[in-house]
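Below: the structure, in structure tokens.
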């Protein structure tokens, strides 16, 4: 095992396939292991590069390998596929992961610390409960409409209307129907309590994080976006510059260029859709009040809105916010609205 230079692990729940190459890129190991065997193998293996595919438990195994002095890398799944030869099976997947990780220009997913995954858990739970709340509101509104009871749009209007509707004897609701609508209302209120509890947890994380506090100085970024960004990218060291972070978030144009002719389409929508949506919502809120403010970024955003429209200006501002956030995380600096990069001198 002293000749092993790079190890690739095809992850699963209980059975793992390990593929390894030496410094001459010759295969020296290819076999299946149980969870216990894999732990023991990583513990006695001399320090080398350990790679996995981005999937469930990838960050856990990356952290576990780092305990024993290994360098951990996670390769995005869509970058592994082109290197798979023949049919898809565990051995072929492990070999493809190893081959992909050895390419000089390969891009990797940064392994997350436990604290980052804790914050990400909060956001994933909040996202699921928000979706459940939306589904519950839509179902309640639709059921009421079947009995000829229209309700004004918006959660607030429905929240105020349900107690009145349930206690109104003049509508078509039967006793059973009233009980069902009341049960949906109680379920909704319980969801609101759960969402409020998660929001309090996120606020606590925000208060305890100096990086999140700095990011919140950017217009359009608050506790939700700052904590979600820190959970996703940490200090931003995995990205060469802010443009790469914006591209990773899917906030840049999708290209279909050939023969020297550039053709730019809509945004690529790659990466984390939840984080991208937060950035766009934050930028939209800023753009709505931008004409009442005089700072340079608001003037720049309103000029784009005048030329290209509100939606394009919103995405452009979200892109700029992502780049600014990367610079603040990468270089551990505060927000300066009048910051201008120094010009290169000979």
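The values are calculated or read from the model by the stated rules, or taken from the named source; none is laboratory data. In this text the structure is predicted, and so the values were computed from the model without any measurement. Glycine gets a Cβ as well: all are built from the backbone with ideal geometry, and neighbour counts include every protein chain shown.
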### Query
Conditions: (1) in a helix (DSSP H, G or I); (2) touching a residue at least 40 places away in the same chain (Cβ under 8 Å). Residue 204 meets all but one. Number of the miss?
(2)
### Message
For the structure I just gave you, tell me whether residue 137 is surrounded by 19 or more Cβ atoms within 10 Å (Cβ to Cβ) and not in a loop (DSSP other than H, G, I, E, B).
### Response
no
### Query
Looking at this structure, is residue 59 outside the structural domain of residue 248 (by TED's automatic domain parsing) and closer than 26 Å to residue 248 by Cβ?
yes
### Task
Please list, ordered by first then second residue, the pairs with beta carbon atoms under 7 Å, 6 or more apart or interchain, first in segment 122-135 and over 19 Å from residue 200 (Cα atoms) and assigned by TED's automatic domain parsing to the domain that holds residue 228, second buried (at least 16 other Cβ atoms within 10 Å of the Cβ) and at pLDDT 95 or above.
none
### Query
Name the pairs: first residue in segment 34-61 and touching a residue at least 12 places away in the same chain (Cβ under 8 Å), second residue in a helix (DSSP H, G or I) and buried (at least 20 other Cβ atoms within 10 Å of the Cβ), Cβ to Cβ under 6 Å, at least 6 apart or on different chains?
42/65; 50/65; 51/97; 51/101; 52/58; 52/61; 53/80; 53/97
### Flag if residue 63 is under 27 Å from the mean Cα position of the chain (by Cα), farther than 21 Å from residue 105 by Cβ and loosely packed, with under 12 Cβ neighbours inside 10 Å
no
### Message
Please go through segment 83-111 and give me each residue that is out of contact with any strand residue (DSSP E or B) (no Cβ under 9 Å at 6 or more places or on another chain), surrounded by 15 or more Cβ atoms within 10 Å (Cβ to Cβ) and assigned to a loop (DSSP other than H, G, I, E, B), ordered by number.
### Response
84
### Query
Of everything in segment 248-289 that's in a helix (DSSP H, G or I), more than 12 Å from the chain's Cα centre (by Cα) and in contact (Cβ under 8 Å) with a residue 24 or more places away in the chain, which residue is nearest to residue 227 (Cα to Cα)?
282
